[in-house]
1. Consider residue 173 carefully, then state whether it is under 22 Å from residue 115 (Cα atoms), within 26 Å of the chain's Cα centre (by Cα) and assigned to a loop (DSSP other than H, G, I, E, B).
2. Looking at (1) without any contact (Cβ under 8 Å) to a residue 12 or more places away in the chain; (2) farther than 30 Å from residue 96 by Cβ, which one does residue 216 not meet, given that it meets all the others?
3. Please give the number of the condition residue 223 fails out of (1) outside any helix (DSSP H, G or I); (2) at pLDDT 90 or above; (3) under 23 Å from the mean Cα position of the chain (by Cα).
């Protein structure tokens with residue numbers, strides 16, 4: 001992945017600039033890109049040549065020794081190269097253009113354009129696959145449409161952070177106003193209410209809450225005096241607008257302690 005902070009007009013293709021102008025995305029902030037398909041192809045060809053050389057060396061070694069297992073192991077190398085090749089070619093050329101009022105996700109000539117106020121909910125799920133950790137982001141828009149992004153694009157982690165920041169800035173004032181008018185503010189299974197925060201099974205009063213946090217295994221916890229309290233675990237993947245929830249609780253706790 002490569003990024004450009006504060007890109008100028010010369011960094012942005014004309015067709016992207018036209019889309020940004022059409023949807024009134026404001027000023028460009030950052031560009032996220034995967035590596036060029038040509039770079040991937042060069043890497044793949046080089047890897048195949050190295051694999052052939054290693055395979056030939058393995059055959060030579062085994063012609064001297066009697067152990068053929070090394071040949072079988074090396075024979076699997078081209079399979080991994082082919083898998084990487086397919087993955088690289090699929091993701092090659094993906095870009096995301098971050099603007100002050102939204103973002104544009106591009107694959108070739110196909111564009112997904114989203115303004116911040118169009119986003120109703122941000123969901124994300126972490127997991128594992130054969131390449132390591134996996135991240136899937138789902139954006140639910142007010143018009144009923146959804147946009148899914150996953151880590152086949154290397155910049156999805158950074159893009160998720162930016163999306164959450166912008167959406168949270170818009171959502172928190174509205175959620176805080178609802179809370180101050182004694183309304184229950186709901187985030188999936190978690191409710192923020194006048195008495196405290198509950199998970200549908202138990203309520204933690206405000207005087208027992210310093211902040212909300214997440215664990216490495218994807219659970220939401222209540223923190224008091226630097227330690228998590230015991231409550232029925234709620235998964236991050238079951239909770240929309242997580243950054244909005246955490247920020248809202250922070251604001252309420254600070255107001256109560258001031």
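The values are calculated or read from the model by the stated rules, or taken from the named source; none is laboratory data. What you see is a predicted model; the values in this text were computed from it and never measured. Here Cβ is always computed from backbone atoms with ideal geometry, including for glycine, and neighbour counts include all displayed protein chains.
1. Numbers: under 22 Å from residue 115 (Cα atoms): yes; within 26 Å of the chain's Cα centre (by Cα): yes; assigned to a loop (DSSP other than H, G, I, E, B): no.
In short, no.
2. Here residue 216 meets the rest and fails (2).
3. (3)
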